[in-house]
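Take a look at the structure below.
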Amino acid sequence: MRRAVVRLLFSAVVCALLLVASEYALRYWFRHVRSSGNAGDYFAQANPPAVVVNTYGYRDREVGPKDPNRYRIAVIGDSFTWGQGIEAYERFTNLIELQLGPHYEVLNLGIPGHDMPQHLEVLDQALMAQPDFILLQLFINDFETAAMGRPRPHPLISESAARGWGQSSVLYDMVNRQWVRLQESTGLTERYVHYLDRNLRDPNAPNARTAFGMLRQFLEKTKAVHVSAGIVLFPMTDAMGPHGSNYAVGFIHDRVRQIAADEGIPYLDLLPAFSTYADPRSLWVSPFDAHPNAVANKRAAQEILHRFADLWRRAG
């Protein structure tokens, strides 16, 4: 019995040491990772990009009075506009301002987690800055509503442990991601794209009417105050196969395109541009975070300028 206990304790110690060694080996291997999309986990705390916010909480300089000699563009968006996982100078907003020159200024009004209801609130604030143009940056999850309720995979460990030591472990994060994929592949939990399809594909479904109705409300509000507006929609790169194949949420792109056409608003869909890349993961900010990296932001800036620059120059 004593030998069995000793062997059991020895095995437990070896397993613990292996887990600790694996944890630190993974931290070293992914030492250049700066984001995972989860603000509370190890990567978000270990080596995040520098973030400086202004008085209003935006990751931008202070907004001064409108200069009559400069064309002011206000970009309203979410974490894609904010620049999750990248430096401020790498964001598409900074890049288009640099390319447009000194007679133009671009205000970055992106806040992580913002959806259509918050975009409407930010619009009121943006209009106080007297912009000449409002560019609304959209992503697929902007059309989720409070009534939808995202799929919640069964936890690998208790929720309190996941929010505690689980967030500080790279090993746990990687194992948990595989656990979630297993649940999705076996039908234990609904895939995110299926959840979007179920709630939003039918234009007459309650959630679809609410979500896309708010987009129409946003555009009509800009018209009412005689401020020009446009839309840029980023695709869901973690739902794309090689060269954009097997993309399950294209119906959202089609719906936004139709609304923009109905409202007479210029629209840019970045799905075709991002589909030119064989591996969509090459556009991710890290292996753990599908937010657009510097390459994706540079391409987005190029496409935005191609679509909107002539319009801005004619107006300015």
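Does the stretch 89-213 come out rounded, prolate or oblate, given a ≥ b ≥ c as the square roots of the eigenvalues of its C-alpha gyration tensor, rounded meaning a/c under 1.5 and, failing that, prolate meaning a/b above b/c? Let's see the in-between values first.
Values: a/c = 2.68, a/b = 1.58, b/c = 1.70.
Taking the square roots of the gyration eigenvalues as a ≥ b ≥ c, the stretch 89-213 is oblate.
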Along each principal axis, Cα extent of the stretch 179-243, largest first, Å: 51, 30, 18
query: By a straight-distance test (C-alpha under 29 Å), which lysines pair with residue 298 as possible cross-link partners, with residues fewer than eight away in the same chain excluded?
result: 66
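Skip the ligands, DNA and RNA, and give the accessible area per residue of the chain with a 1.4 Å probe, whole Å². List each step's numbers first, then the result.
Numbers: 16330 Å² over 316 residues.
That works out to 52 Å² for each residue.
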statement: Checked the stretch 237-316 with the C-alpha gyration tensor, a ≥ b ≥ c its square-rooted eigenvalues, rounded below a/c of 1.5, otherwise prolate if a/b is larger than b/c and oblate if not; verdict oblate
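Using the Kyte-Doolittle scale, find the helices of the chain whose mean hydropathy is at least 0.5 and whose Cα atoms extend 18 Å or more along the helix's long axis, counting only whole DSSP H runs. All intermediate terms of the calculation are to be shown ahead of the outcome.
On the way: long enough: 2-29 (40 Å, 1.13); 170-186 (24 Å, -0.48); 206-224 (26 Å, -0.54); 250-263 (20 Å, -0.50); 294-315 (29 Å, -0.46).
Correct list, ordered by number: 2-29.
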query: Amide H to amide H under 5 Å from residue 289: which residues, 5+ apart in sequence or cross-chain, H placed 1.01 Å off N in plane?
result: none
query: Tell me, what ³J(HN,Hα) does each residue in the stretch 274-283 have, in order and in whole Hz, if you take phi through Karplus 6.51 cos²θ - 1.76 cosθ + 1.60 with θ = phi - 60° and put x for Gly and Pro?
result: 6, 6, 6, 8, 4, 10, x, 5, 5, 9
Residue 261 versus residue 190: modelled label distance in nm, points set 7 Å from Cα along the beta carbon direction: 2.9
- prompt: Once you sort the root eigenvalues of the Cα gyration tensor of the stretch 172-316 as a ≥ b ≥ c, which label holds: rounded (a/c under 1.5), prolate (a/b larger than b/c) or oblate (the other case)?
  reply: oblate
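With the full set of protein chains in place, find how many percent of the accessible area of the stretch 29-155 is carbon and sulfur; take the probe as 1.4 Å. Walk me through the numbers before you get to the answer.
Numbers: 3140 of 5840 Å².
C and S atoms contribute 54 percent here.
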message: I'd like the distance separating the alpha-carbon centroids of the stretch 236-282 and the stretch 110-171, in whole Å.
response: 20
- line: Over its alpha-carbon atoms, the stretch 130-191 yields an Rg and a Dmax in Å of 17.2, 52
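The values are calculated or read from the model by the stated rules, or taken from the named source; none is laboratory data. Because the structure is a prediction, the values reported are computed rather than measured. Please note: Cβ atoms are built from the backbone with ideal geometry, for glycine as well, and neighbour counts cover all protein chains shown. What goes into the accessible areas is simple: the full protein's heavy atoms, side chains included, and nothing from ligands, DNA or RNA. Shrake-Rupley method; radii C 1.70, N 1.55, O 1.52, S 1.80 Å.
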